[in-house]
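Nothing in this text is a laboratory measurement; each read-out follows from the coordinates by a stated rule. Note that the coordinates shown come from a computational prediction; the quantities given were computed from them, not determined experimentally. FYI the Cβ positions are ideal-geometry reconstructions off the backbone, even for glycines, and counts take in every protein chain you see.
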Amino acid sequence: MNVIIIGCGKLGSGLAKLLVSKKHNVTIIDSDPASFELLGENFGGTTMVGSGFSRDILESAGIKTADAIISCSKNDDANALIGRLGQNIYHVPCVISRLYDPRKAKIYRSLGIRTISTTTWGVEPSSGRAHRPRADRSGRDRGRRHHERQPDFYTDIRNCPE
């Protein structure tokens with residue numbers, strides 16, 4: 001699978017390393033060349049310095065033949081714009097945009113763009129901890145575990161239409 005990731009922060013770099021380890025072709029774009037240090041010296045994908053919503057950069061990254069584009073920069077508006085470009089202009093089969101504002105995420109999901117909201121994921125598990133049942137006498141926790149509610153990006157990407 002050919003995947004383009006925009007944003008080489010913690011989420012983008014982690015996802016890029018995971019996908020490369022699963023033998024996918026990954027190109028990661030970021031405007032800050034220093035951000036690629038998060039990938040490590042042995043990163044097996046391609047890095048590109050530039051704006052993730054520049055047509056020239058996206059086309060150089062191979063968006064015309066990409067199977068997925070994941071926009072996870074620090075800017076909701078940029079991520080939403082990149083998602084719309086990927087979906088409407090380049091017809092990328094799988095488009096995922098990270099949006100911090102859950103209200104915006106809902107709007108973009110209604111437009112057919114898969115969204116990831118790290119804000120929602122952080123709030124929901126934290127609020128669940130406050131109401132978690134106490135451990136029973138055996139010491140086992142009867143509440144749901146935090147990790148059970150974590151998203152699985154790799155599954156999301158694998159389930160994209162071919």
To the nearest 20 debye, the range 2-118 has a Cα-centred charge dipole, built from +1 on Lys and Arg Cβ and -1 on Asp and Glu Cβ, of 540 debye
Between the alpha carbon centres of the range 36-59 and the range 72-98 the gap in Å comes to 16 Å
Taking 9-17, 78-86, 41-49 and ranking on average Cβ neighbours within 10 Å, highest first, one gets 78-86, 9-17, 41-49
Links exceeding 24 Å between C-alpha atoms in this model, out of Lys23/Lys74; Lys23/Lys64; Lys17/Lys74, come to Lys23/Lys74
Protection proxy (average C-beta count within 10 Å per residue), highest first, orders 25-34, 64-73 as 64-73, 25-34
Length-normalised contact order of the range 2-118, Cα under 8 Å, at least 6 apart, in percent, tallies to 23 percent
Amide H proximity to Ile28 below 5 Å, modelled H, separation 5+ or other chain, gives Ile5, Thr46, Thr47, Met48
Karplus-derived 3J(HN,Hα) from phi for the range 99-104 (6.51 cos²θ - 1.76 cosθ + 1.60, θ = phi - 60°), whole Hz, x at Gly and Pro, runs 10, 6, 8, x, 5, 5
Residue separation between Arg55 and His91 times 0.36 nm, minus their alpha-carbon distance, gives in nm 11.6 nm
Scalar couplings 3J(HN,Hα) for the range 26-31 by Karplus 6.51 cos²θ - 1.76 cosθ + 1.60 (θ = phi - 60°), nearest whole Hz, x for Gly and Pro, are 10, 10, 10, 10, 8, 7
